[in-house]
Amino acid sequence: MEASLTHEEFSKNVNTKFKVQNKENVPAELELIEISEIKLYPKQEEFSLEFRGPLNMFLNQGVHNFSHDQMGEFELFIVPIKQDQQGFYYQAIFNRLRD
């Protein structure tokens, strides 16, 4: 199943788990905990996602393979943004041209 990486699709899947592979092909589960409001401009759209992952596995900044029961498989560029007692947090930013 090919993923549709739209604001609408991610919004349907807030508070669900995504499987992510690290460099050693060890899977981690990241929970999509927040999605920003979409900003629409005449020629582009912008939104961001925030994921929380476990404390026992840190994912470096870069492109990672994601899989999700509803959204399928896809790649996302994520950046670590913070850590607390619940885990590591990562952000993905979408800034793309509109059709």
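The values are calculated or read from the model by the stated rules, or taken from the named source; none is laboratory data. Quantities reported herein were computed from a predicted structural model and do not represent experimental measurements. A quick note on method: Cβ atoms are made from the backbone with ideal geometry, for glycine too, and the neighbour counts reach across all protein chains shown. These area figures cover heavy atoms from the full protein model, side chains too; ligands, DNA and RNA do not enter into them. Shrake-Rupley method; radii C 1.70, N 1.55, O 1.52, S 1.80 Å.
Of all residue pairs spaced 6 or more apart or on separate chains, none has beta-carbon atoms under 6 Å together with a first member in the range 85-99 that is free of Cβ contacts under 8 Å to residues at least 24 places away in the same chain and a second member that is in a loop (DSSP other than H, G, I, E, B) and among the charged types (D, E, K, R). Residues in the range 22-33 that are within 12 Å of Met57 (Cβ to Cβ) and surrounded by 11 or more Cβ atoms within 10 Å (Cβ to Cβ): Asn22, Pro27, Ala28, Glu29, Leu30.
Among Lys12, Lys19, Lys43, which is the only one that is of a type in the set (D, E, K, R), in contact (Cβ under 8 Å) with a residue 40 or more places away in the chain, closer than 14 Å to Phe66 by Cα and open to solvent by 40 Å² or more (accessible area, probe 1.4 Å)? Residue meeting the stated conditions: Lys19. Taking the criterion of being among the β-branched types (Val, Ile, Thr) and open to solvent by 80 Å² or more (accessible area, probe 1.4 Å), the only residue of the range 72-99 that qualifies is Ile93. Within the range 58-68, is even one residue part of a strand (DSSP E or B) and either of a type in the set (D, E, K, R) or in contact with a Ser or Thr (Cβ under 6 Å, 6 or more places away or on another chain) (or both)? No, that holds for no residue.
Of all residues in the range 46-71, those being surrounded by 13 or more Cβ atoms within 10 Å (Cβ to Cβ) and either under 17 Å from Ser4 (Cα atoms) or in contact with a Cys (Cβ under 9 Å, 6 or more places away or on another chain) (or both) number 10.
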